[in-house]
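Colleague: Below is a structure I'd like to ask you about.
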Amino acid sequence: MSVSAPPRMPRQPASASAASSGRAAGSGGVIIGNQPIRRPDTRSPQVMTRRAWWLVVLNFLIPGSAQSLAGNRRLGRIGLTATIVMWLLVVLAVLAALLWPGVIPVLASNGLFLLGVQLVLLAYAVLWVVLTIDTLRLVRLVKVRPKARPAVAALAILGMVIGSGGAAYAAQQLVAPARELMASLFTNHTPPVPPSNGYYNFLLLGADSGLGRESMRFDSISVVSVNAETGAVHITGIPRDLAYAPFADGPMHDLYPDGFEGHYSEDCGWGPGINQLMNAVEICQDDDGASIYPEAAANSSTPAIEATKDAAEGILGIEIPYYVFVDMKGFADIVDALGGVDITVQERLPKGGGPSYEGEPAEDWAIGWIEAGPQHMDGDTAQWYARSRYTTSDWDRMRRQRELQQAILAQANPANVLTRFQQVAAAGEDLVQTDIPSGLLPFLIDLAVKAKEQPVQTLELTPEGAGIDTDEPTSDEYAHVRDLVQQALYPPSPSPDSDSGSDSGSDSGSDSGE
């Protein structure tokens with residue numbers, strides 16, 4: 001009796017057998033073609049080349065995935081976790097910007113938050129470099145087709161530059177300047193004061209030289225009032241030569257209860273104008289005004305600025321707890337950093353320091369001209385536009401300065417600022433000095449978001465704008481100014497009764513006329 005032999009199974013190719021074995025054992029990993037990506041057939045340049053492209057692309061799209069599939073799984077988990085966290089943070093930031101637009105600016109004003117963001121971005125940039133180098137190790141370029149090796153290496157490096165370089169750029173060129181700007185500007189860490197009668201009031205000062213320089217005078221003086229609920233902005237312009245300003249209660253009121261009337265000194269170099277306070281309070285004092293305002297330096301201010309605050313409070317009848325000083329050189333830099341500013345010039349204006357003798361034609365001393373009509377101004381031109389006064393008047397110059405302030409605010413949109421942020425931040429450090437406490441900044445940023453949607457209201461304390469004689473103002477005129485300010489900040493709300501009454505009156509008048 002013969003026993004028949006079992007039928008012989010067809011023999012599988014070695015590669016197919018290995019692939020099948022890998023799939024059955026669950027240890028072969030992802031399959032590219034008929035080869036596992038973790039244990040490829042290193043004798044096949046075709047397989048290794050295809051595998052190399054996959055690893056490099058995956059490393060760029062999902063950092064950490066190349067290690068999870070073909071290398072150190074622990075390193076892969078670190079890379080994948082970091083990538084997922086970064087994407088979640090980006091999604092959260094986008095949602096916050098869309099649903100709660102005030103959150104991002106508030107967080108961006110926090111120095112510790114910005115430092116944390118900077119460190120996270122730098123760490124992720126370093127991790128991306130490590131993952132890319134490890135991916136190139138996993139690729140085994142010597143096993144890749146010779147013609148493909150340069151392209152694979154170039155793609156890996158390009159992905160690293162885009163990914164790691166982008167994170168590093170954001171950390172060093174966006175977040176770091178913002179953090180340094182916050183730290184340099186907002187050095188006052190005292191608790192913020194509450195709004196005064198519903199408004200935050202700020203003294204805005206402009207000058208052509210740095211604070212503390214001899215004979216420096218404030219060329220531009222205005223008060224910015226921001227409604228603490230709506231963000232509505234009102235700017236009151238104060239002529240720099242406004243005489244005999246009354247001082248609010250404080251050390252200057254104790255010294256000069258009637259303002260500077262009868263007290264100014266030609267020998268020391270100061271007169272009755274409000275812009276002379278620098279000389280009166282600092283230059284002409286043996287201790288530079290420290291005995292008048294002993295706490296000024298500790299509060300990031302100066303005696304001259306504190307005296308100007310007291311004068312502005314006395315003129316307008318409102319509390320002004322904070323100041324912002326704008327240097328004209330920094331002003332020009334910020335305009336350049338924003339890419340210029342668009343202004344419609346009403347009349348031809350000269351550039352230059354003015355005539356050397358009375359009556360000298362502007363054509364003889366002007367170093368250039370700003371022509372009438374629409375202009376896209378660079379920083380230097382904008383600076384001369386705000387400074388020029390010899391062929392017009394101080395009132396016209398005040399109007400032009402206000403035009404520039406509003407134009408810069410309107411054109412400083414988020415996209416413009418973000419694309420030029422490093423230049424804007426660098427210019428901002430030289431542009432502004434302030435005693436606004438850092439604790440108030442998040443609230444002010446939230447108000448600024450609201451203010452962008454509303455027109456800025458203005459009041460100029462000029463003979464035409466407020467009916468005040470700036471050379472010899474009377475107490476009645478200053479009382480009238482305070483009334484104007486109250487009406488501007490607290491306009492009466494028309495009631496339904498008054499509206500209907502005016503309508504009926506108009507109708508009856510019309511009927512009687514017929």
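Colleague: Can you tell me the FRET efficiency between I62 and V126 if r is taken as the Cβ-Cβ distance and R0 is 22 Å, rounded to the nearest 0.05?
Modeller: Once the sixth-power term is evaluated, E becomes 0.80.
Colleague: For L119 and K452, what does the FRET efficiency come to when R0 = 30 Å and r is the distance between their Cβ atoms, rounded to the nearest 0.05?
Modeller: The value I calculate is 0.45.
Colleague: Pull out the extension gain between E363 and Q486, defined as 0.36 nm times the separation in residues minus the alpha carbon to alpha carbon distance; nm, one decimal.
Modeller: Values: separation 123, 0.36 × 123 = 44.28 nm, distance 4.43 nm.
Gain in length upon complete extension: 39.9 nm.
Colleague: Follow-up. Can you give the FRET efficiency to the nearest 0.05 for S44 and D378, using r as the Cβ-Cβ distance and R₀ = 51 Å?
Modeller: 0.25
Colleague: If you don't mind, another one. In whole Å, what three semi-axes, largest first, describe the equivalent ellipsoid of segment 254-407 built from its Cα gyration tensor (square root of 5 times each eigenvalue)?
Modeller: The equivalent ellipsoid of segment 254-407 has semi-axes of 33, 20, 14 Å.
Colleague: Segment 125-170: which trypsin sites (Lys or Arg not before Pro) are DSSP loop and have at most 13 other beta-carbon atoms within 10 angstrom? Don't skip to the answer; put the middle values down first.
Modeller: Working: sites: R137, R140, K143, K147; in loops: R140, K147.
Hits after loop and neighbour filter: K147.
Colleague: Would you work out the relative contact order for segment 29-185, in percent, from Cα pairs under 8 angstrom that are 6 or more residues apart?
Modeller: Numbers: 169 pairs, mean separation 46.4, N = 157.
Reported relative contact order: 30 percent.
Colleague: Arrange T308, T344, T391 by Cβ neighbour counts within 10 Å, fewest through most, would you? Please list the in-between numbers first.
Modeller: Working: T308 25, T344 10, T391 15.
Going from sparsest to densest Cβ surroundings: T344, T391, T308.
Colleague: Would you mind pulling out the separation of the Cα centroids of segment 58-74 and segment 169-205, in Å?
Modeller: For segment 58-74 versus segment 169-205, the Cα centre distance is 42 Å.
Colleague: Under a crude label model (7 Å from the Cα following the beta-carbon direction), how far is Q411 from M86 in nanometres?
Modeller: If labels sit at Q411 and M86, their model points lie 3.6 nm apart.
Colleague: Only sites in a loop by DSSP and with at most 11 other Cβ atoms within 10 Å count here; which GluC sites (Glu not before Pro) in segment 432-466 make the cut?
Modeller: In loop regions of segment 432-466 (DSSP not H, G, I, E or B), the sparsely surrounded GluC sites (Glu not before Pro) are E453.
Colleague: Further question on the same structure: When a/c reaches 1.5 or more, the comparison of a/b and b/c decides; with that in mind, is segment 284-350 rounded, prolate or oblate per its Cα gyration tensor? Could the numbers behind the result be given before it?
Modeller: Working: a/c = 2.52, a/b = 1.99, b/c = 1.27.
Prolate shape, in that a/c is at least 1.5 and a/b is the bigger ratio.
Colleague: Using a ≥ b ≥ c from the Cα gyration tensor of segment 29-185 (square roots of the eigenvalues), is it rounded, prolate or oblate, where a/c under 1.5 gives rounded and otherwise the larger of a/b and b/c decides, a/b for prolate?
Modeller: The shape class here is prolate.
Read-outs: derived from the displayed coordinates by stated rules, not from any lab. Bear in mind that the values here come from a model prediction, so they are computed numbers and not experimental data. No Cβ is skipped: glycine too gets one built from the backbone with ideal geometry, and neighbour counts run over all protein chains shown.
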